[in-house]
1. So which residues in the stretch B:229-249 are surrounded by fewer than 11 Cβ atoms within 10 Å (Cβ to Cβ) and without any contact (Cβ under 8 Å) to a residue 24 or more places away in the chain, if there are any at all?
2. For the stretch B:115-142: of the residues being over 28 Å from B:ASP44 (Cα atoms) and either of a type in the set (D, E, K, R) or touching a strand residue (DSSP E or B) at 6+ places or on another chain (Cβ under 6 Å) (or both), which is surrounded by the most Cβ atoms within 10 Å (Cβ to Cβ)?
3. Kindly check whether there is at least one residue in the stretch B:187-205 that is polar (S, T, N, Q) and modelled with pLDDT of 90 or more.
4. In the stretch C:48-64, which residues are under 18 Å from the mean Cα position of the chain (by Cα) and within 8 Å of another protein chain (Cβ to nearest Cβ)?
5. Based on this model, can you work out whether C:LYS184 counts as surrounded by fewer than 16 Cβ atoms within 10 Å (Cβ to Cβ), touching a helix residue (DSSP H, G or I) at 6+ places or on another chain (Cβ under 7 Å) and either within 14 Å of another protein chain (Cβ to nearest Cβ) or more than 30 Å from C:VAL87 (Cβ to Cβ) (or both)?
6. Give the number of residues within the stretch C:103-122 that are facing chain B (nearest Cβ under 9 Å), hydrophobic (A, V, I, L, M, F, W, C) and over 24 Å from C:THR56 (Cβ atoms).
7. Can you tell me which residue within the stretch C:65-79, out of those that are basic (Lys, Arg) and either within 11 Å of chain B (Cβ to nearest Cβ) or in a strand (DSSP E or B) (or both), is farthest from C:ILE102 (Cα to Cα)?
8. Within the stretch A:304-312, is there a residue that is in contact with a Ser or Thr (Cβ under 9 Å, 6 or more places away or on another chain) and assigned to a loop (DSSP other than H, G, I, E, B)?
Amino acid sequence: MNFLSLAWKNLWRNRRRTLITLSALGLSLFLLQTFHNLSFGVYAQMVDSGVRAGSGHIALYRSDYAQSRDEELSFAEAGLSAAIAQKPGVRAALPRVYLPGLAQSSRESRGILLMGIDPAAEAEVNPFWKNLPEEEGITDSEGRDALVGARLLKELKLEIGNKFVVTVQHRDGELTAELLRVRGVLRTGLKEIDASMVMVGRERAAAMAGIPGEIHELAVILERASDQSRLLPVLAALADNRPGVRAVPWEVAMPNLSDAIRLDYASQKFIFAVILLIVTIGVVNTLLMAVMERIREFGVLLAIGTTPGRLRLMIWHEALLLGLLSMLLGTLLGSAATWYLTARGLDLRTLLPAGLEFGGVVFDPVLRAAWDVRWMLQMGLYVVGLCLLASIYPAIKAARVPPAEAMRHR
Amino acid sequence: MLLRLAFRNLWRNSRRTLLTLSAMVVSSALLILALGVFSGMFADMLASVTEQYHGHLVISRPGYQDDRNMFAHFVADPTLIDELRSYPGVRGASPRLRAFGLLAHGDATRPAELLGIDPERETEVTSFAQQLIAGHYPERTEAAALIGSGLAKKLGVVPGDDLVFLTQAADGSLGNDLITVSGIFETGAGNRDNALVLVQLPWLQRLLVLPGKIHELALTIDEPMAAAEQAASLKAGLPADLETRTWGQLLPEMQEVIASYDVSRLILVTILYAATGLGILNTIFMSVLERSREFGILMALGMQPRQVRLLVLLETLILALISLILGVAAGIVMTLYMQRIGIDLSPYLSAVTYAGGTLAPRLSAALDGKNLLIPATALLLVALAAGYFPARRAARLKPVEALRED
Amino acid sequence: MPYAITIVVLFCLGLASCASALDMRELIRQVETQYRGSSAQARVSMEVATDNWRRTLEMESWSLGREHFLTRILEPPKEKGVATLKVRKEVWNYLPKVDRVIKIPPSMMGGAWMGSHITNDDLVKGSQVDEDYTFALLEETATSWRIECLPKPEAAVVWGKLVYEIEKTRKLPVRIDYYDEAQKPVREIIFDEVREIGGRTLPARMTVRPLDKPAERTVMRYHDIAFDLALGEDFFSLRTLKAR
């Protein structure tokens, strides 16, 4: 106890040195925490928009539909979405039908992918709808209103309000054609979607394929991505009575997105390790320097009768105090920065060429941080640990040096 | 005189010098390595965009790349191709003819894109030959097809099987023929693996009734980042009715990805520099501040404050230069090692499709002059700044006060 | 091949004994009942001129009702034997060169049939004019009627409207104009060269013209038609498609 107050006094005796060390440590910790929280947030953002545009945190498929995309592999919805949506932790359950087909206008025809959706549920979470003016949204699951990819619309020489005919294969092998009407335009920035996607109400699409009430995919969006493994068996159990229907996590349903994120994450991790290393070296160096410069002072202490053991203890206590202070300072700064980056985000739109928006899926120009409190604490404690570690060698050395020599020491 | 004193000072307190030195060397080396890894990823991305399909430059009729109109063809003039191939900065040129139609095997029918190529020339531009998972790359004249893995699976074909291709030929007839699968490729990019077939150029020319015609010439060049300049320099040697597009124009979304990647790199690099600079700043700051007493003695002995300031700056400069030489050397060694060996992530990841490009699951590095010069300059400036303030302070000290200081 | 079928529909329309009052729907319905179960075999030549090619095909075709249709190319030699079978809403092509039958998937239905201005989808949709449209008499002159056909609100047709011109005396089609939703004409079909074929008086030539490409057209000419043959549904099979 005594040591702590002594150490405290010691720290402030050479205020300048302490402040420099403190700022070095604190700023390093602040950098670590802010950087981690920012990339943590950006990944969460990528996963979030990725799963919303894609097949959700958890997707239900029959058999290997995710890979084969065989239209035969549909299954009965029969209230499954509603049942899943009621589970705590589930934000939305999106039933979907996918049918390859042909769209024709009076001028042109193009191969398309017809996507049947539940408009009310989809409008809330699908990022493709984000840019859609309200009057362009579709509302009726059985209606003929359709959202058409921007490029497809242009190629078919259609405009909003125009009619067009979509032909798909019926379950019995024959072709069915239906009249649809352009309600809105999908501008996702993703070439494949803009050039080939037609979205209509789910029941309309299912009826065209002769599979009323059936779906190909049930995309489940969760409140928190971390609930995924907990909810996976719960959702699978709900679909138990449907033979062959499986619940798969998004990493399996969208391997490309998952891999892209993981590859990016791997490189970030590597860079992070490098930053951590650089910070560690900086911190250890500053500390070593600070303690080593005081060997003369330690000699004086030894000469006036301080035992080496007490000296060591005092050095360690100083290091501990310094570490805790830096942790406090760094975490305060880190929290402030994280708070700012969470609330405001890092807006890169001015840095990027105009019109750069990558579908809201892969890249959003406003980077937002997210809180990872556990990790912030870990980093703080890491800095405290570094302080203690960096003081071991000087502490031992200082205690061993004969006072006379130490006093000569510069 | 002052220089000698600076050297002696550094030498005299070897422990402090070594500490400062080690901090600067290790952090600048790590910074160079990190930047090298970024460059490596960038190079991978660029290669993935260009080597897997388009090449760096594509020469075709105006508008062909937008609507892929079958009739926007031109004569595959061998002298033009040879001229292009020998043009400075051009590494290879591959003539191609493209057709969209139906591919059938047994009862299975799938829409497909056929690319008629000269197998030998194509290897100069794309890497299909290295992406085979079954069978072999076709010989020069062998009437054989390379088919994407996803398409092969959907059609149920293996090397040796026959495929029927059906499309509308240029004379309006129903062009159709059999072709044998010689190999299956897997690029990792779904849109190609599920729809692309490579066939011999003469075979496709016959089927489409377009003898001697091609749709595009795909080029690889030495400086992909200067594709626009290269395109401009080629213009004079090309017929007026042909246009050249760069990979950036062909894949605008890839350019966006690269731009966004540049931004995230900017953020990371800022943090990297900040962390490195902070460490170095502190080390030097501390090492100079701790020497107040020493400067006091020097001034008491009659040294001018200006000289003291100069001495400190000189010491810092020497220290910074030595550590930068060592740091850059260590950085180059680590980058080269990383470039050669890399970190293989394939146990955790499959190939990643990234806006039209495909990345191998591997972290590697690339050596880029900018990655050495910028950190070196920046660190030198940081070191001098770190030396300047304490030097000024030292010069302002009153000898008596300084001597009293701990 | 809506025109091929349209022409048959209209031929039959010509045969319909129309009473004094002109009930257009009834007219079509009569055509429908008369048409169902009737079969035909024809030798047809098709001339196609597009901006990119000119070609002439000689074909032999069979039909049964509106659901079954089979055609085989006789000339030119390069394409001899290429055949198309349409049963209800499915289309197959037979390719003699590789001896394979290929079913046209939905996404390829928009493709041109045999390089003409007729799409595979046109073959499938055939003529459902009597089911998909409502009719109104637009104009009646001394020699002809002009009938406006407006698609029913939910009918799967891409057109804004069709206008038929029908010659009064022989009840033969003269022309059909296709309009888009903005009532802008998009293409036209003209029937002429009326003569006696297969025991009936019919226009032997039909010209399809897309109006946005004035130089392009497809001309079909009927050389022989034999009506009411003993063709069963089993004739329109993949086996017949492959035969020969």
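1. B:ALA236, B:ALA240
2. Filtering the stretch B:115-142 for residues over 28 Å from B:ASP44 (Cα atoms) gives B:139-142.
Filter again for either of a type in the set (D, E, K, R) or touching a strand residue (DSSP E or B) at 6+ places or on another chain (Cβ under 6 Å) (or both), leaving B:139-140, B:142.
Values: B:GLU139: 12, B:ARG140: 8, B:GLU142: 14.
Out of the qualifying residues, it is B:GLU142.
3. The answer is yes; a qualifying residue exists.
4. Residue satisfying the conditions is C:VAL48 alone.
5. no
6. Of the residues in that region, 1 qualify.
7. Let us first name the residues in the stretch C:65-79 that are basic (Lys, Arg), namely C:66, C:72, C:78.
Within this subset, residues satisfying the condition of being either within 11 Å of chain B (Cβ to nearest Cβ) or in a strand (DSSP E or B) (or both) are C:72, C:78.
On the way: C:ARG72: 15, C:LYS78: 19 Å.
Among those that are basic (Lys, Arg) and either within 11 Å of chain B (Cβ to nearest Cβ) or in a strand (DSSP E or B) (or both), it is C:LYS78.
8. No, that holds for no residue.
The values are calculated or read from the model by the stated rules, or taken from the named source; none is laboratory data. All values reported here derive from a predicted model rather than from experimental measurement. Note: ideal-geometry Cβ built from the backbone for every residue, glycine included; neighbour counts use all protein chains shown.
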